[in-house]
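Trainee: Here it is, the structure in full.
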Amino acid sequence: MKIWLLRLPFRHLKEHPGRSLLGILSIALGTAVYLSIALASHSALQSFRAGVNAVAGKTQLRLQSPGTSLDETLLPTVRQLPPVRAAAPVLETMVEIRGQENFSALLLGVDPFVEGPFREYRFLTATGLDQETFLKFLTQPGWVMLSAPLAARLKLAPGDTFTAAVGARLQTLAVAGTFRTAGDLYPLDGALMLMDLGQAQEILDRIGRLDYLDLLVHGDLATAARQLREALPPGVEVTTPGAQAEYMQGLVAAYRLNLAVLSAIALFVGMFLIYQSVTLSVVRRRREIGLLRTLGMTRGQVMLLFLSEGALSGALGGLLGLVLGGAMAQAALQMVAQNLTSLYQPVSAREIWLEGQVFVQAWLLALAATLAASYIPAREASRTRVRAVWYKEELEEKLEKWAASSAYLGLLVLALAGVGAFLKSGHGIPWPAFVAAFLILLGFALFTPLTAWWLGRLLAAPSRRLFGFAGDMGCRYLSGSLSRTAVSIAALATALGLVIAVVAMIGSFRQTVENWVQKSISGDIFFGPAVFSTSSYDQFLPPEVLRELAQDPRIADLYHYRCVRLPFRDRYILVIGGSFDVLARHGGLWFRQGDQEETVAQARAQDRVLVTEPFAEIFGVREGEWLTLPTPSGPQRLQVAGVFYDYRTDGAAVWMDIKLFQKFWQDQKINAVRLFLHNKGQRHEVLSHLQQTYQSRYRLVALSHEDLKNGILRIFDETFALTYALEGVAILVAVFGIITTFLVLIMERERELALLQALGASRGQIMGMVLVESGLASFLSYLLGALAGSVLALLLILVINKQAFGWTIQVCLSPDVYWQTLLLVLALGLAAGAYPAWRAMQPHVATILKEE
Amino acid sequence: MIQVQTALRAAQKSAPASPLIVLQGVTKTYRQGSEEVKALQNVALDIGDGEFVAVTGKSGCGKSTLLHVIGGLESVSAGRILFQGRDLSRFSEEQLTRYRRDQVGIVFQSFNLMPLLTIVENVALPQILRGTPSQEALQLAESWLDRVNLRHRRDHKPHQVSGGEMQRAAVARALINRPALLLADEPTGNLDSTHASQVLQLFAELQRQEHLTVVMVTHALEAAQYADRVIKMQDGRLLP
């Protein structure tokens, strides 16, 4: 097409910027939201990855034993293996720095004499790392090297001391010196410290144990890995340092996808507005199109002309969105990092990683969205007859005829959505269900023309009785202006549907979690290190504390809890050891089928396991079936005694009696306990006693059942805060659509409104007419949105969550979200109509009616 | 021929009718950028009750503005307009609305029918605005459609009928409330000669039957022949 002709869309845009502004702004907003979330997710993971890489240094391979630690006697054996060039033992744990602010830091227990080839620590000798201090670091407990950023943050110099919770104990640590890493890369925003390996083993009660062995190898990595696997005992995994980051990436894949889909909602709603904008442009320029065709422009060229108009809006909106998104990314990063820390692993990310690819992706998405939205009106424009004398009324008639076809198409689309809802993707992301969600929204949107037409007709008579002329005309305009109103109604309905669906899903989820907490979290007091921390699996209760608790006469039963994370098939699962005898007596698991007490007792007696519902759904395991579990004692074939509901984040878990666990894992450590008191009335007394007795010496948290429940729900609410924010943006875009639709409508009806005034209509009648129309349009948006949202909620609850996470969520549709949304929409809709109507009634009737 | 007919009609109305509309020193000024445009300059005019007045003049002479100020569509910058002795400039918004609805009927050059309404509904609209129950208003509208020979088009939309038919519907709409005054702004401007002639004859007939006062702005000399009096305007002034 001649490039010269592209100046036409430019000219139109330049001469009527206001008409295109809404579409551009909506695309800009949608792009901004999508980009900010993408940047935040990417940055959070990149920060995590950078931290992992910083710790890994030049390590080529890593030996570890998932779910347990390595015996340090392995080290000399490994060093003598042919592929191994060098080996560095490491103990790794999270500590909590106590002071003016409490925060987490990574502690590495290392052998400083072998670290050199692996990790280059540039000790800042100017700050005084002398021989004496270095000896203290090697031989005396509690001496650490701080990273330079950490030292600066704590304002500490060599020789200073500070308090930290190391394991379960509060320790006073002394600063031997500070260091920088090569490239100044650190995990957790610089919060890194080093301790001599031997001292770390002692302070953490892990004498003779290692978390991993880092290796440098000869020759090819793959060959070396294979040789190592052949030589090493079973249970020792050969992996790469990057596997941890890959694991994290896999862990949060579903979370990121959900976030990406939600962040694209605003863009999706913006597509409706672009569609409307291009459609209006086509209607207004029918004569121009006829003229161009008369002069020889082909249909294809006409279509390209209008596609380019849409593309121009998309390109401009996308660019604006990139700027806005970059500005919003920092705020999004805080929320995302907090979510990831609460749900998965500690992630500290303060800076946005600007990745060009992410920007390009966002801009291309905006462009693709606008082209998709512009396609149908552009095709319509290309079909304009050359000699068409086109009245808007003819377009409306055409749309009325098409309304029924559109509704049938909507039914077909909903049927397809139903098919998609029943398909499974195999494993991982439930793509068919996500497509079904999109189809549900599209299907209901396709009902809009018919329902608008029908509602206007249905309510004309009662409106006339109630509101007179204003009511009658308002209804007529609703059903007679489909080319203007239908798309805006559809856009708002889509946004509302999404809001209702997500709120209903979250509400149902929350109610289910509340029920689960009531039924499953038995015990009067929970006691252990950092109960809510995602790093709590390597934190243990000190043995002396356990002994003291066992002797407390107020405690009737003590439930022991031990947890490890290990790879199982293509995922990671939790394996949990618990006191099944206590569980059988007091309850605490909500089984899918069977009696709780009987099932647990049976599991204990017959060395069977219990699995969570997510585990059963993800791995396709049912009650009575067998599974083979990798353990430090070798693979164990175990029968499933029962499946129970569980809503922890990493939900796929296998539970066994603590004795069985200790037999397989060959350690007696306990992560946490639940206390069952003889007298529940003594709960506060026991809580206070625990806090007073242990708080000063240990990092232990004692929570009542109520506190734990509230804590779980608090994390739940924080997790969904971002979701609510994204929903709010989508609603904002849709409301923009409604407001501008009515502004445009009123502007185009200026002549008719002036005529009505000339014929003797009062301002009240005209205002009433516009309010009836805008009120009905909003109400229709609400109706369609509520229906779509309810169906979508069922899909989210019964299909998507089930397939993605394996959770059964009880459907709980609260009426609150429905009536609150109705009030909001009606208020916004009436306001959207009132201002344009008021503008239209300013006294310039004659000017408007003057003959051209 | 035109002048003879006009003179005859003028002679028939030998006794001057009491003025329905009186314009006293009416001036209307617009501001266009930094310039002031005087659309009407010190216009003084009496229009008798039942009189048919044609206003002629070149484009931009102020004809339509004159019509608009008489019809209460615009306010004046100076002077007074008296309708049945009442000063329009002192009317409240509500009074003006009632004046336009009950006392004035307007016919436009480009018909200005409501596109969403059928022909019969367009005609009934002023009655509905007045508060007449819709059934009654529609029945009355049908009787007016009979009078303008448009009954067969009652259920058509405006874009489905011809220009002449639209204008006849507009005339029926203008008269359904039996106003005292009919204002017509180039009513035949968008019609061919046949339809124009039909509309003008309709005007004349209804004017006689309803004892209407008509003020018609027109370029066409043929239209002016239907009037009792022809007023010429130039540069916002009435020519003697």
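Every number here is computed from the coordinates shown, using simple stated rules; none is lab data. For clarity, every value in this text was computed on a predicted model and none was experimentally measured. Ideal geometry is used to build each Cβ from the backbone, glycine not excepted, and the neighbour counts take in all protein chains shown.
Trainee: What do you get for chymotrypsin sites (Phe, Trp or Tyr not before Pro) in the stretch A:94-161 restricted to DSSP loop and a cutoff of at most 14 other Cβ within 10 Å of the site's Cβ?
Mentor: Sparse-neighbourhood loop chymotrypsin sites (Phe, Trp or Tyr not before Pro): A:PHE113.
Trainee: When Lys and Arg each count +1 and Asp and Glu each count -1, what net charge do the other residues less than 14 Å away from A:PHE48, Cβ to Cβ, add up to?
Mentor: Counting the neighbours of A:PHE48, the net charge comes to 0.
Trainee: Taking θ as phi - 60°, what are the ³J(HN,Hα) couplings along the stretch B:146-160 by the Karplus curve (6.51, -1.76, 1.60), each to the nearest whole Hz, with x for Gly and Pro?
Mentor: 4, 5, 9, 6, 10, 4, 5, 10, 4, 9, 7, 8, x, 6, 9
Trainee: Mind checking B:154-162 for the average number of partner chain beta-carbons within 10 Å of each residue's beta-carbon?
Mentor: 2
Trainee: A further question follows. Take the alpha carbon gyration tensor of the stretch A:646-741, find the square roots of its eigenvalues, order them as a ≥ b ≥ c, and report rounded if a/c is under 1.5; if not, report prolate when a/b exceeds b/c, else oblate.
Mentor: Since a/c reaches 1.5 and a/b is larger than b/c, the shape of the stretch A:646-741 is classed as prolate.
Trainee: Hey, can you rank B:115-125, A:277-287, A:157-167, B:89-99 by average C-beta count inside 10 Å, highest first?
Mentor: B:115-125, A:277-287, A:157-167, B:89-99
Trainee: Please give the calculated 222 nm ellipticity per residue for chain B, where each DSSP H segment of at least 4 residues contributes -39500 (n - 2.57) and the sum is spread over every residue; nearest 500 deg cm²/dmol?
Mentor: Helices in chain B give a 222 nm mean residue ellipticity of -11000 deg cm²/dmol.
Trainee: Roughly how many Å is it from the Cα centre of the stretch A:409-457 to that of the stretch A:557-601, as a whole number?
Mentor: 40
Trainee: Sort the following peptides by mean Cβ neighbour count (other Cβ atoms within 10 Å, averaged over residues), highest first: A:569-575, A:457-463.
Mentor: With the highest mean Cβ count within 10 Å placed first, the list reads A:569-575, A:457-463.
Trainee: At a 10 angstrom cut-off on C-beta neighbours, averaged per residue, how do the peptides A:482-491, A:187-196 rank from highest to lowest?
Mentor: A:482-491, A:187-196
Trainee: OK, next. Loop-only trypsin sites (Lys or Arg not before Pro) in the stretch A:138-247, please: DSSP not H, G, I, E or B, and at most 15 other Cβ atoms within 10 Å.
Mentor: Counting only loop positions with at most 15 other Cβ atoms within 10 Å, the trypsin sites (Lys or Arg not before Pro) in the stretch A:138-247 are A:LYS155.
Trainee: If you average the alpha carbon positions of the stretch A:667-744 and of the stretch B:189-240, how far apart do those two centres end up, in angstrom?
Mentor: 83
Trainee: How many Cβ atoms of partner chains, on average, are near each residue of B:105-117 if near means within 10 Å of its Cβ?
Mentor: Per residue, the number of nearby Cβ atoms from other chains is 4 on average.
Trainee: Under the rule of at least 5 residues apart or a separate chain, name every residue whose amide H is placed under 5 Å from the amide H of B:VAL230.
Mentor: So B:VAL230 has HN proximity to B:ALA54.
Trainee: Tell me, what is the Rg over Rh of the protein assembly as shown, with Rh the Kirkwood radius over Cα pairs?
Mentor: 1.16
Trainee: If you don't mind, another one. Enter the mean number of other protein chain beta carbons within 10 Å of the beta carbon of each residue in B:72-81, as an integer.
Mentor: Partner-chain Cβ atoms within 10 Å, mean over residues of B:72-81: 2.
Trainee: For the stretch A:497-508, what does the Karplus curve 6.51 cos²θ - 1.76 cosθ + 1.60, with θ = phi - 60°, yield as ³J(HN,Hα) per residue in whole Hz, taken in order and with x for Gly and Pro?
Mentor: x, 5, 4, 4, 4, 5, 5, 5, 5, 5, x, 5
Trainee: Cα to Cα, under 19 Å, and not fewer than 8 places away if on the same chain: which lysines meet these conditions relative to B:LYS232?
Mentor: B:LYS28, B:LYS38, B:LYS58, B:LYS63
Trainee: Quick one: which residues, 5+ away or cross-chain, put their amide H under 5 Å from the amide H of A:CYS812? H built at 1.01 Å from N.
Mentor: A:SER508
Trainee: Can you list the lysines whose alpha carbon sits under 23 Å from that of A:LYS401, skipping same-chain ones fewer than 8 residues off?
Mentor: In chain and number order, the partners are A:LYS392, B:LYS157.
Trainee: Average projected area of the Cα convex hull of chain B, in nm²?
Mentor: Convex hull of Cα atoms, orientation-averaged projection: 13.6 nm².
Trainee: If you average the sequence gap of Cα pairs under 8 Å that are 6 or more apart and divide by the length of chain A, what percent do you get for the contact order?
Mentor: Here the relative contact order equals 17 percent.
Trainee: Let me ask something else about it. Measure of size requested: the Rg and Dmax of the stretch A:431-546, with Cα atoms as the atom set and Å as the unit; please supply both.
Mentor: 26.6, 85
Trainee: Still on this model: Given the rule -39500 (n - 2.57) for each run of at least 4 DSSP H residues, summed and divided by the residues of chain A, what is its mean residue ellipticity at 222 nm, to the nearest 500 deg cm²/dmol?
Mentor: Using -39500 (n - 2.57) per qualifying helix, the result is -20000 deg cm²/dmol.
Trainee: Tally Lys and Arg at +1 and Asp and Glu at -1 over the other residues with C-beta under 12 Å from the C-beta of A:ALA164: what net charge comes out?
Mentor: Summing Lys/Arg as +1 and Asp/Glu as -1 gives +2.
Trainee: I've got another one for you. How would you rank A:LEU39, A:LEU627, A:LEU197, going from fewest to most other Cβ atoms within 10 Å of each one's own Cβ?
Mentor: Final ranking by Cβ density, sparse to dense: A:LEU627, A:LEU197, A:LEU39.
Trainee: Under the Karplus relation 6.51 cos²θ - 1.76 cosθ + 1.60, θ = phi - 60°, what is the ordered set of whole-Hz ³J(HN,Hα) values for the stretch A:61-73, x standing for Gly and Pro?
Mentor: Those phi angles translate into 9, 9, 9, 8, 10, x, x, 7, 10, 8, 7, 5, 5 Hz.
Trainee: Turning to a different aspect of this structure: Taking amide hydrogens as modeled 1.01 Å from N in the peptide plane, which residues meet the under 5 Å criterion relative to A:PHE103, leaving out close sequence neighbours?
Mentor: It is A:ILE97, by chain and number.
Trainee: Any lysines with Cα under 27 Å of the A:LYS709 Cα? List them, leaving off those in the same chain fewer than 8 positions away.
Mentor: Correct list for A:LYS709: A:LYS519, A:LYS669, A:LYS680, A:LYS802.
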